[in-house]
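Asker: Mind having a look at this structure? Questions to follow.
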Amino acid sequence: MPEQATIFELITNAGIVVQVVMGMLVLASLVSWMMIFQKAILLNRAQRDLDRFEDHFWSGIDLRELYQNLEENSSLNGIENLFYSGFREYTRLAEQAGADPDAIMQGVQRAMRIALSREEARLDTHLPFLATVGSTSPYVGLFGTVWGIMNSFRSLANMSQATLASVAPGISEALVATAMGLFAAIPAVIAFNRYSARVDSLVKRYEAFSDEVTTILHRAAHVRN
């Protein structure tokens with residue numbers, strides 16, 4: 001009999017509690033894989049946007065022209081939103097009569113910090129769920145295994161002669177739950193570790209870019225005074 005059919009029979013013949021555990025693990029695995037693909041697309045796009053905007057920023061373009069171009073975009077994310085938030089605050093405060101350069105820069109830094117926090121939260125989306133699946137799925141599967149083995153041994157009480165063949169099916173059904181727990185946990189853990197490292201790398205580049213923009217605007221704020 002094919003291995004797939006044997007595993008399918010083990011699942012369908014398992015007890016209701018073990019089947020519920022298996023269903024939860026399958027659902028968690030499907031959702032985590034969906035989030036893994038979504039996160040890959042999000043981080044790849046953020047990386048491309050970061051590289052493209054930095055090249056554009058350091059190409060010598062006038063910052064006010066760059067800001068005006070971004071004003072026409074209603075959906076700014078990533079480094080573009082970071083620059084736009086800081087320069088918008090700089091423009092607003094600099095237009096005030098007798099504006100203090102230090103007060104202007106405090107406002108700019110505050111605006112960019114808020115934008116950076118929002119971007120970091122956006123990049124961290126789904127990571128807590130992957131961490132939860134990775135850390136809890138093995139224990140959920142183990143619970144199903146323990147429950148199934150417990151029922152298998154309880155059934156021995158009603159048998160006059162216990163043999164390995166009489167308890168092996170129940171134990172096999174229970175062990176499938178552990179396998180499913182590992183199947184759900186391993187990809188989630190790998191994805192969480194990889195994506196966390198990529199998010200940290202992007203955030204550090206955002207922070208470095210914020211410092212560079214702050215330095216440029218700080219110099220401009222003091223020159224105009």
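Nothing in this text is a laboratory measurement; each read-out follows from the coordinates by a stated rule. Everything numeric in this text was worked out from a predicted model, so none of it was measured. Ideal geometry is used to build each Cβ from the backbone, glycine not excepted, and the neighbour counts take in all protein chains shown.
Asker: Give me the distance in nm between label points sitting 7 Å out from Cα along the Cα-to-Cβ direction at residue 34 and residue 103, one decimal.
Answerer: 5.1 nm
Asker: OK, next. Separation between the residue 91 and residue 75 pseudo-spin-labels, each 7 Å from Cα along Cα→Cβ, expressed in nm?
Answerer: My value for the distance between the label points is 2.2 nm.
Asker: Please name which of 203, 214, 178 has its Cα lying farthest along the dipole of the stretch 176-225 towards the positive end, using unit charges on Cβ (Lys, Arg +1; Asp, Glu -1) and the Cα centre as origin.
Answerer: My answer, from the dipole projection, is 214.
Asker: Output wanted: per-residue J couplings in Hz (rounded whole) for the stretch 123-128, from phi through Karplus 6.51 cos²θ - 1.76 cosθ + 1.60, θ = phi - 60°, x for Gly and Pro.
Answerer: Values per residue, Gly and Pro as x: 5, 7, 4, 6, 5, x Hz.
Asker: Which Cα, out of 27, 191, 70, lies furthest along the positive dipole direction of the stretch 3-223 (beta carbon charges, K/R +1, D/E -1)?
Answerer: Checking the options against the dipole of the stretch 3-223, the answer is 27.
Asker: So, one more: Mind putting a number on the dipole of the chain about its Cα centre? Charges go on the C-beta only, +1 for Lys and Arg and -1 for Asp and Glu, and I need it in Debye to the nearest 20.
Answerer: 480 debye
Asker: Between residue 153 and residue 223, what is the label-to-label distance in nm when each label sits 7 Å out along the Cα-to-Cβ direction?
Answerer: In this crude spin-label approximation the distance works out to 7.9 nm.
Asker: A further question on this structure: Mind checking which of 16, 151, 117 is farthest towards the positive end of the chain's charge dipole, using Cβ charges of +1 (Lys, Arg) and -1 (Asp, Glu) about the Cα centre?
Answerer: Highest projection toward the positive end goes to 151.
Asker: Starting at the first residue of the stretch 109-114, write each ³J(HN,Hα) from the Karplus equation 6.51 cos²θ - 1.76 cosθ + 1.60 with θ = phi - 60°, in whole Hz, x for Gly and Pro.
Answerer: Residue by residue, the stretch 109-114 yields 5, 5, 5, 6, 5, 5 Hz.
Asker: Which number comes out as Rg/Rh for the stretch 3-223 once both Rg and the Kirkwood Rh are worked out on C-alpha atoms?
Answerer: Reported Rg/Rh (Cα atoms, Kirkwood Rh): 1.30.
Asker: Computed FRET efficiency, Cβ-Cβ of residue 59 and residue 124, R0 30 Å: what is it to the nearest 0.05?
Answerer: So the FRET efficiency works out to roughly 0.45.
Asker: Something else: Residue by residue, what Karplus-based ³J(HN,Hα) values in Hz, rounded to whole numbers, does the stretch 132-143 have, using 6.51, -1.76 and 1.60 with θ = phi - 60° and x for Gly and Pro?
Answerer: Each residue of the stretch 132-143 in turn: 5, 4, x, 8, 9, 4, x, 6, 5, x, 5, 4 Hz.
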